[in-house]
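**Q** Handing you this structure, nothing more for now.
Nothing in this text is a laboratory measurement; each read-out follows from the coordinates by a stated rule. Please read these numbers as outputs of a predicted model, since none were measured by experiment. Using ideal geometry, Cβ is built from the backbone for each residue, glycine included, and neighbour counts are taken over all protein chains shown.
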Amino acid sequence: MSSPLPTVQQLVSSVAAAEDADLDRVRAAVEMADDLGALGDEVVNHFVEAARGAGCSWSQIGAQLGVSKQAAQQAFVAPPRRRGRFGRRPDGMFAGRMGPTARAAIKGAFEEAKGLGHDHVGTEHLLLTAGEGPGLAAVALRRLGVDQAALRGHVVDVVGPRAAGASGHPHFTPRAKKVLELAVRESIRLHAERVGSEHLLLALVREGEGVAAQILVQRLGLNLAQVRQTVLDVVNEAAGAAPAG
């Protein structure tokens with residue numbers, strides 16, 4: 001395909017021209033990468049809708065995406081009301097795509113938030129629970145030397161419990177919602193039928209600016225690129241075993 005996409009050198013030059021300091025350029029490059037990924041998703045969504053309009057089946061579309069018919073439908077189909085980005089509902093929109101370890105992590109994140117007296121579920125709560133249980137995120141974090149008790153201590157130090165407690169049901173913060181959306185993208189890119197805890201951890205790293213990422217870098221001394229590569233290594237090693245999620 002002949003493409004008008006910018007070259008790597010053009011993108012590099014754009015970041016270099018916009019920022020003077022090396023670390024600012026790193027930040028700008030990460031933001032650019034995320035923006036490019038979002039634009040790519042919009043393009044895919046456009047042509048998926050066009051293919052459906054032309055009569056292509058979900059099985060055919062899924063084959064092009066490298067996922068099953070069901071996974072393609074769950075990623076792109078939503079009820080007609082309360083539609084958000086990519087035509088999907090902003091709340092509960094990923095439920096059908098979540099595997100057991102991701103569902104357990106999300107459920108646990110709500111429980112953690114309630115236990116800390118928080119009225120929201122943030123990236124820090126998702127980080128806490130993604131690393132629990134038998135999922136691949138827990139394997140990756142252990143390989144990185146992350147102790148779950150120490151991680152919990154860092155979360156409490158950073159966000160703290162609220163003595164008065166929270167009233168009502170906690171809600172996802174905008175960053176946490178973004179992480180769930182990114183987790184779906186990560187699962188599709190890795191040709192997974194369901195979102196697992198490993199995809200949640202990859203999404204927390206990719207989001208890169210929430211409390212979870214701050215704890216990984218500033219409190220645990222980890223490099224986000226290192227975390228991502230470790231998760232990918234664990235996923236690749238588990239590829240011959242039972243499906244993740």
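**Q** Whose amide H sits under 5 Å from the amide H of Gly117, counting only residues 5 or more places off or on another chain, with H placed in the peptide plane?
**A** Amide H to amide H, under 5 Å and 5 or more residues apart or across chains, Gly117 pairs with Arg162, Ala166.
**Q** Quantify how much of the Cα-Cα distance distribution of segment 100-170 extends past 20 Å, in percent. Walk me through the intermediate numbers first.
**A** Numbers: 676 of 2485 pairs.
Of the Cα pairs, 27 percent sit more than 20 Å apart.
**Q** In addition: Quick one, what does Rg over Rh come out to for segment 96-237 if you take C-alpha atoms and the Kirkwood Rh?
**A** With Rg and the Kirkwood Rh in hand, the quotient comes to 0.94.
**Q** Based on the mean of other beta carbon atoms within 10 Å per residue, what is the order of 148-158, 130-140, most packed first? If you can, show how the numbers build up before the last one.
**A** On the way: 148-158: 14.3, 130-140: 22.5.
Those peptides, ordered most packed to least, come out 130-140, 148-158.
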